[in-house]
Amino acid sequence: MEVERVQAVASALMTAETIPADFIRPEQERPAITTYQGPAPDIPTIDLSLPDRESVVRAVAQACEEWGIFQVVNHGIPTELISRLQAAGKHFFDLPQEEKEAYAKPPGSQSIEGYGTRVSKEVNGKRMWNDHLFHKVWPPSSVNYRFWPTNPPNYRCVNEEYTKYMREVADKLFLCLSLGLGLEETAVKEAIGGEELEYNLKINYYPPCPRPDLALGVAAHTDLSTITILVPNDVPGLQVLKDGRWIDAKYIPNALIVHVGDQIEILSNGRYKAVLHRSTVNKEKARMSWPVFLEPPEEWVVGPLPQLLSPESPPKYKAKKFKDYMYCKLNKLPQ
C-alpha cells in the first residue's frame, strides 16, 4: 500500500482553507484553544561554557526537576556546522518525492529507520502533520547507511561531524545529571548503557498547514529516550506543558533544546521529570527539527539507581529491559 505523505497532502492544499478531517484534532487538543496566551515563564537557558561547574550542575539539576526541559548555549557545536546540518536536511526534504521514497522505511519493518510518515492513527483516529527521516548515527556498529541520503553529497560527512560534537555535549550533560543527584560523575551514563548508548537522529518535517489552529505536528508525549538533544529551524512550534498550561518555547538561534526522557525519570526515581511536549505547525512556513534520541541498547535493563533508594525513598518504577519498556509505550500498554 502506498503511503500518503503529509508533504504531498500539504502541496495539494496550497490554496485551500481546510484540511482533511483525520488531521483535525479534538477540541481539547487544538492549539488555538489550548495554548496559554498570558505571561508565561521562559524555559531555562543554561550557558555550558561557564567556568563555575557547580553553578552549571545546579542549573541543569533544577531545570530537570522543575521543567524536564532546558536550552543550552555556548555548547561547543560550531554555528556553521549547525547551519550545514540544517541545509542538508532541508535539501533532502526539497527533493522530488520519488527520490525521497528510495529511503523509505521498508513495509513491515520493525525498525524505526528510514523516511516515513506515521500511518498508524492514534487512539482517537487522528493523524499528525509531519513526515520524517530517522537513522542511527552512533555507535558505528549500529549505523545502516542504507537510510542516509546520498543527495546532498555532503549529507554523510556533515552528520558524522555533528555526531562527534553531539557526543561531547551529551557527556557534559550526563556528568551534570550525575552530580546533580549527588552521585559519581559517570554514574548516570554507565547506568544507561555507557559507550553502548545509541544515538538516533530524526529529522521532523512539518509542511505549511492551511489550518494550524486545528492540527498538530506531533501530539502531546514524553520521549522514550534517556535525553533528547534537539536543534530546531527558526519556525517556532515546540510547546511544553508547565503547571497545566501549554506554553511556547522561545526560539534562541543555535541553542540546543534538551528534553528529559522517560529513562532518566526512571533512573532518578522521579527526581528528574520527563517533559510532556507537543509540536504546532505554521501556515506560511515549513517547520523542521533535528532531535537526537539517546537510548540504551534494547537488552539493557533500566531501573531506579540503587544509590537513590532507601526505606524512606522506595522505587517508584519497575526495572525492565529497554525493548520491553519501548514495546509497552508504543502499544499503549501499562508499564
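Tabulated results
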| read-out | value |
| --- | --- |
| Complete set of residues in the range 132-161 that are farther than 21 Å from Lys100 by Cβ and not acidic (Asp, Glu) | Trp138, Pro139, Pro140, Ser141, Ser142 |
| Single unsatisfied condition, Pro304 versus (1) buried (at least 24 other Cβ atoms within 10 Å of the Cβ); (2) farther than 30 Å from Ala16 by Cβ | (1) |
| Set Thr222, Thr226: member being in contact (Cβ under 8 Å) with a residue 24 or more places away in the chain, under 18 Å from Lys172 (Cα atoms) and within 16 Å of the chain's Cα centre (by Cα) | Thr226 |
| Count - residues of the range 140-183 that are under 18 Å from the mean Cα position of the chain (by Cα) and aromatic (Phe, Trp, Tyr) | 3 |
| Among the candidates Asp171, Asp223, residue that is among the acidic types (Asp, Glu), under 19 Å from Glu295 (Cβ atoms), in contact with a His (Cβ under 9 Å, 6 or more places away or on another chain) and at pLDDT 95 or above | Asp223 |
| Top-ranked residue in the range 5-19 [being at pLDDT below 90 and assigned to a loop (DSSP other than H, G, I, E, B); ranked as surrounded by the most Cβ atoms within 10 Å (Cβ to Cβ)] | Leu13 |
| Residue check for Glu80: part of a helix (DSSP H, G or I) and loosely packed, with under 12 Cβ neighbours inside 10 Å | yes |
| Single unsatisfied condition, Gly244 versus (1) open to solvent by 10 Å² or more (accessible area, probe 1.4 Å); (2) at pLDDT 95 or above; (3) small (Gly, Ala, Ser) | (2) |
| Qualifying residue in the range 291-299 (condition: open to solvent by less than 10 Å² (accessible area, probe 1.4 Å) and within 25 Å of Pro207 (Cβ to Cβ)) | yes |
| Qualifying positions in the range 274-311 - part of a loop (DSSP other than H, G, I, E, B), in contact with a Ser or Thr (Cβ under 9 Å, 6 or more places away or on another chain) and within 21 Å of His221 (Cα to Cα) | Ala274, Val275, Leu276, Thr280, Pro296 |
| Criterion: touching a Leu at 6+ places or on another chain (Cβ under 8 Å), hydroxyl-bearing (Ser, Thr, Tyr), assigned to a strand (DSSP E or B) and under 28 Å from Ala104 (Cβ atoms) - qualifying residue of Tyr115, Tyr162 | Tyr115 |
| Failed item, numbered, when Glu99 is tested on (1) at pLDDT 95 or above; (2) open to solvent by 70 Å² or more (accessible area, probe 1.4 Å); (3) of a type outside the set (Val, Ile, Thr); (4) farther than 21 Å from Val6 by Cα | (4) |
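The values are calculated or read from the model by the stated rules, or taken from the named source; none is laboratory data. Just so it is clear, the model here is predicted, and its values are computed rather than measured. Glycine also receives a Cβ, built like all others from the backbone with ideal geometry; neighbour counts cover every protein chain displayed. Calculation scope for accessible area: heavy atoms of the full protein, side chains included, ligands and nucleic acids excluded. Shrake-Rupley method; radii C 1.70, N 1.55, O 1.52, S 1.80 Å.
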